[in-house]
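Everything below concerns the one structure shown next.
The values are calculated or read from the model by the stated rules, or taken from the named source; none is laboratory data. Computed from a predicted model, the values in this text were never measured in an experiment. Here the Cβ positions follow ideal geometry from the backbone for every residue, glycine too, while neighbour counts run over all protein chains shown. Just the protein is used for accessible areas: all its heavy atoms, side chains included, with ligands, DNA and RNA removed. Shrake-Rupley method; radii C 1.70, N 1.55, O 1.52, S 1.80 Å.
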Amino acid sequence: MRRRTQLVLAITLMMALLVTVFSYIYISQLLRQQITAAHDTASYLTSQLAYLATNAAPDLTSTRVNTSKRASVHSALAYYIGTDRDLNTMLESVVGNWPTIYDAAIVDQDGKVILHTNPKLIGKKVPDRPDFQKVQEARFRRQLRMLYDHPAIYDVRMPLQLNGAPFGSIRVGVATIFLKNELTPRLQHAVIISVVAILFSLFMAAGLSHLALGPLEQISRSLDNVTSGDQGQDEESTETDEDSHDEYGLVTLKIAHLGRQMRDAREIFSTLKDNMDQVMSNLQDGLILFTRDNRIVLVSASVERFLGRTRRELMGRTAREIFSPESTLGALALDAFHLRHTVEPREIDAPNGKRVHVSIDFIQEGGNQIGALLTLRDAESARQIEDEIEMSRRLSASGRLTRGVAHEVKNPINAIVLHLQLLQTKLQEIDPDTRRHINIIDSEIHRLDRVVQILVEFTRSRDLHLEEMDLRKLLEEVISLAAPDAAQHGVDIIRDLSSEPLFVKADPDFMKQAMLNVMLNGMQAMPEGGTLSISSQREDDMVVTQIRDEGSGIPADVQDKIFELYFTTKETGSGIGLAQTYQILQWHYGSVDFESVDGKGTTFRLCLPLAPSRTSPLAESPAAVEITPLT
């Protein structure tokens, strides 16, 4: 084969290969652009939903919500978000207006749905779905497999912060089948264009290379002429060199274009890194991300609380450099990294002296370990939230049962009473035994009616007449009310009240009832007499009242039931007093808890929010507020 033929074939194949490569790049870029457009659309929707959710949540510092209680804040924010008309309208229009969007939801930190395009899922816990970022960052062939192998739904998420604290996240689902339907016609068109371009390049490369290499003999003669000193041929060669220089200029322009694309990609990466840093700085849990060689590459701001070291000190260091084998956390982490085994969540002592939940998960890709994630969580806060949720659940269930029983029993009782009166009227002459039985029936029916009435009173809506008052004066009034019972039980009441005014905003009648219930329980717990200690002090933004008796204490096996309606440990008790106290404190955005030691008495702590300063713009005049029982 002649050298000229070899060059023609080489140029032709190189041109065809070049067109094939650019066709491949074109199709991959088209696919990536469509995926990026879908991601941008979903990101836009998450931003809009986050904006509407933020606007829907009011400033809770100007409301009666106890902002120091996470459960209260969470419930209030969930209510405002769930009832916002603009947010609901936006969710209803998401699926119909954007063809690649499957669904959208607002979920809390526990993964439970607050708002969803599918109303049936509200209140349920939605499963985690893979991040759409995996599709966007995947290579071309993997992207094709993700779109065309099996239908799937990927999430675009945005963390949601309300009132300066993490609340949950916005999740917008992108369906691959929808994306595939949008993308397939364009890909087919691009493939057809690429095939035509490759075939055209083959013919054009063969023809042009033949024409370009055809004058080789003439070029050879021209070189010979230049060598021999022919000036005409030398000028022609110079013009050819200038044409070649122009071609190199086009290649340079293409390289510059690729360089600009790389710079744009670097800027996008920098922006994503900044966003990730912002997210990590707002996380309540402590997260530390390690590389394959156990070197730290990502640290959340909360880690500083757990380890007592700044993020700057931790970045870039290895696990062995930051953990001491002498500490519980250090020994656990170093052992896990050495053996490469996952650590299930467990509770240990952190270097700051607090109890924390710690877990270590090793990240794998394609069967190879590529890093590890260490998670630290405040154990005390987690337990407190769980206890409050459980108590609210029990009160809610008790309220539903109470209303049902009251409704079903009230009407039959009224009918029985009416017919009993008619029976007494019709029986003109009743012998003493018959009258005695009828009187007993009448008495028991009225007693049952009183029980039902108590049920109705406990669960119906109430109007709170809030007043700003000094809690010390209210306690003095309650102590005066309890004095006769104290004298009857041989109980001495000792006061230890703050020397400064303790202003709270409360309904005086309900608050007196709540305090009196606890005092009477304390006196009844000391049948042989004793001392009832009452103290009230300010602690930060709360007013804490402690009522301590010297009774036998509450048995450990019933302590978790003590605030349940109708639960009592006394033979003649009704089981309503402490449940009523718990309910009243909740109405006032406060709380009640207790500590009891067997044989050494019980101490109840009643916490109320401190009233706004009289000079504060948030201070309000007494108002009537309707309170609805938990359902």
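Quick notes on this one:
- Residues that are under 20 Å from the mean Cα position of the chain (by Cα) and β-branched (Val, Ile, Thr) were ranked within segment 283-309; the one that is nearest to residue 272 (Cα to Cα) is 299.
- Exactly one residue out of 127, 166, 159 is closer than 30 Å to residue 57 by Cα and assigned to a loop (DSSP other than H, G, I, E, B), and it is 127.
- Qualifying positions in segment 588-604 - more than 30 Å from the chain's Cα centre (by Cα) and part of a strand (DSSP E or B): 595, 596, 597, 601, 602, 603, 604
- Residue among 585, 520, 516, 578 that is open to solvent by less than 50 Å² (accessible area, probe 1.4 Å) and touching an Asp or Glu at 6+ places or on another chain (Cβ under 7 Å): 520
- Restricting segment 290-319 to residues that are aliphatic (A, V, I, L, M) and touching a Ser or Thr at 6+ places or on another chain (Cβ under 6 Å), the residue that is surrounded by the fewest Cβ atoms within 10 Å (Cβ to Cβ) is 297.
- When residues in segment 482-509 are screened for being within 22 Å of residue 585 (Cα to Cα), open to solvent by less than 40 Å² (accessible area, probe 1.4 Å) and assigned to a helix (DSSP H, G or I), 2 of them pass.
- Pair list, Cβ < 9 Å and 6+ apart or interchain, from segment 315-330 residues that are in a helix (DSSP H, G or I) to residues that are aromatic (Phe, Trp, Tyr): 319/290; 319/337; 320/337; 329/306; 329/323; 330/323
- Pairing residues of segment 108-121 that are over 22 Å from residue 93 (Cα atoms) with residues that are open to solvent by 40 Å² or more (accessible area, probe 1.4 Å) and basic (Lys, Arg), at Cβ distances under 6 Å and at least 6 apart in sequence or on separate chains, gives 111/125.
Residues are listed down the side, and each one gets a yes or a no for (1) surrounded by 14 or more Cβ atoms within 10 Å (Cβ to Cβ); (2) closer than 23 Å to residue 116 by Cβ; (3) not basic (Lys, Arg):
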site	(1), (2), (3)
144	yes, no, yes
151	no, yes, yes
156	yes, yes, yes
160	yes, yes, yes
166	yes, yes, yes
176	yes, yes, yes
180	yes, no, no
189	no, no, yes
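- Where residue 553 falls short, out of the listed (1) on the phi < 0 side of the Ramachandran plot; (2) in a loop (DSSP other than H, G, I, E, B): (1)
- Residue in segment 6-42 that is modelled with the lowest pLDDT, counting only those that are open to solvent by less than 30 Å² (accessible area, probe 1.4 Å) and small (Gly, Ala, Ser): 16
Let's see how each residue does on (1) aromatic (Phe, Trp, Tyr); (2) buried (at least 16 other Cβ atoms within 10 Å of the Cβ); (3) at pLDDT 80 or above:
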{"residue": "321", "(1), (2), (3)": "no, no, yes"}
{"residue": "328", "(1), (2), (3)": "no, no, yes"}
{"residue": "337", "(1), (2), (3)": "yes, yes, yes"}
{"residue": "349", "(1), (2), (3)": "no, no, no"}
{"residue": "370", "(1), (2), (3)": "no, no, yes"}
{"residue": "376", "(1), (2), (3)": "no, yes, yes"}
{"residue": "387", "(1), (2), (3)": "no, no, no"}
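- Any chance residue 512 is within 36 Å of the chain's Cα centre (by Cα) and among the charged types (D, E, K, R): no
- Cross-chain or 6+ apart pairs with Cβ under 6 Å, segment 449-478 first and under 16 Å from residue 579 (Cβ atoms), then basic (Lys, Arg) and modelled with pLDDT under 65: 459/403
- Residues that are closer than 19 Å to residue 40 by Cα and in contact with a Lys or Arg (Cβ under 7 Å, 6 or more places away or on another chain) do not occur anywhere in segment 109-127.
- On the stretch given as segment 81-135, residues that are modelled with pLDDT of 85 or more, more than 18 Å from the chain's Cα centre (by Cα), among the hydrophobic types (A, V, I, L, M, F, W, C) and open to solvent by 50 Å² or more (accessible area, probe 1.4 Å) total 1.
- Residue match in segment 491-509 (condition: aliphatic (A, V, I, L, M) and in contact with a Pro (Cβ under 9 Å, 6 or more places away or on another chain)): yes
- Subset of segment 469-481 [in contact with a helix residue (DSSP H, G or I) (Cβ under 8 Å, 6 or more places away or on another chain) and assigned to a strand (DSSP E or B)]: 469
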